[in-house]
Amino acid sequence: MKNCYVKFALIVFALVFAGIGSLEAQTTAKDFFSNPSSPALFLGLDFSRAKLIDAASSNPQDIVARQYDGLNELVVTEAKKYDFAEAFHRSSLDHDFGAVNKRNEKTNPDLVVSTNTADYHRFTADSVKAYVSGFDYGGKKGVGIIFFVEGMSKSDKGIAIWVTLVDMQTGNVLMTDRVEGKVGMAFGFRNYWASGIKSVIEEVRKHKFNEWKNKY
């Protein structure tokens, strides 16, 4: 009988210890904002559900085939100009665009261009969480930073992006918030919308990061 009690006590201890360990392993938004050395990875610009509004002369086939990847490539090759690390108060920030590029490549070109101005404001936090549920993190851990592009509006001269933090181990969304960026004078699809992306990064750096830090 004594041996049974000992075995039972050991099992209970093991379960409690495992529970504590799982709690410690959970990532929170507070960890990300308060600890600049906490693991984080930039996963790229996800255009898979983006709408290009009031740009009838655009070539959606070319946009899907080349331009989406081109914008993700640009923010890496010109990292000093598009400084995601500084915006998120990191000394450095690694990136992995593999999953985002695959999602962007599967975008249906027939669904890209829109003449409905309401498409610039159609996402919600819940819809973003639903999009995230299909994301492949490849077994990575830590916080994944995804920029979900909602709309690129020629009439509003702006780009709307949902800045999203995800616990890559669990797939849980830690935070998502809509940030708009204004586009400047630039020629060509890539350069034109890249100016809006830069505006979003600056908004995160100057205002949004501290706002999120205080909130979470």
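The values are calculated or read from the model by the stated rules, or taken from the named source; none is laboratory data. No experiment lies behind these values; they were computed from the predicted model shown. In this analysis, Cβ positions are derived from the backbone assuming ideal geometry, glycine residues included, and neighbour counts consider all displayed protein chains.
For (1) within 17 Å of Val143 (Cβ to Cβ); (2) over 17 Å from the mean Cα position of the chain (by Cα); (3) buried (at least 19 other Cβ atoms within 10 Å of the Cβ); (4) of a type outside the set (Asp, Glu), each residue gets a yes or a no:
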residue: Ile53; (1), (2), (3), (4): no, yes, yes, yes
residue: Ala56; (1), (2), (3), (4): no, yes, no, yes
residue: Asn59; (1), (2), (3), (4): no, yes, no, yes
residue: Ala65; (1), (2), (3), (4): no, yes, no, yes
residue: Thr77; (1), (2), (3), (4): no, yes, no, yes
residue: Glu86; (1), (2), (3), (4): yes, no, no, no
residue: Arg90; (1), (2), (3), (4): yes, no, no, yes
residue: Asp94; (1), (2), (3), (4): yes, no, no, no
*Could you say which residue among Asp119, Asp69 is over 22 Å from Lys141 (Cα atoms) and within 16 Å of the chain's Cα centre (by Cα)?*
Asp69
*Options Asn108, Asn116, Asn104; residue that is farther than 23 Å from Phe32 by Cα and surrounded by 14 or more Cβ atoms within 10 Å (Cβ to Cβ)*: Asn104
*asked:* Which of the numbered conditions does Glu73 fail, given that it passes all the others? Conditions: (1) charged (D, E, K, R); (2) modelled with pLDDT of 95 or more; (3) in a loop (DSSP other than H, G, I, E, B).
replied: (3)
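Limited to region 111-128, what total is found for residues that are closer than 18 Å to Met175 by Cβ and either polar (S, T, N, Q) or modelled with pLDDT under 95 (or both)? Spell out how you get there, then give the answer.
Here is the first cut: in region 111-128, the ones closer than 18 Å to Met175 by Cβ are 123-128.
Imposing the further condition that a residue be either polar (S, T, N, Q) or modelled with pLDDT under 95 (or both) reduces the set to 124, 127.
Residues that pass the stated criteria total 2.
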_Those strands (runs of 3 or more DSSP E) lying entirely in region 116-216 with at least 1 residues free of Cβ contacts under 8 Å to residues at least 24 places away in the same chain_ = 173-182
*Return yes when Lys81 is of a type outside the set (Val, Ile, Thr) and assigned to a loop (DSSP other than H, G, I, E, B) and no when it is not.*
yes
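Of the residues that sit in region 99-115 and are of a type in the set (S, T, N, Q) and in a helix (DSSP H, G or I), which one is farthest from Asp167 (Cα to Cα)? Don't jump to the end; show me each part of the working.
Keep residues of region 99-115 that are of a type in the set (S, T, N, Q), which gives 101, 104, 107-108, 114-115.
Now drop any that are not in a helix (DSSP H, G or I), which leaves 101, 104.
Numbers: Asn101: 20, Asn104: 21 Å.
Across region 99-115, the extreme among qualifying residues is Asn104.
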*Considering each of Asp177, Asp156 in turn, give the residue that is of a type in the set (Asp, Glu), modelled with pLDDT of 95 or more and over 19 Å from Thr27 (Cβ atoms).*
Asp156
*State which residue is surrounded by the most Cβ atoms within 10 Å (Cβ to Cβ) when the search covers only region 130-157 and only residues that are under 11 Å from the mean Cα position of the chain (by Cα) and not aromatic (Phe, Trp, Tyr).*
Gly144
*Provide a single number: the residues in region 146-177 that are touching an Asp or Glu at 6+ places or on another chain (Cβ under 7 Å) and among the basic types (Lys, Arg).*
1
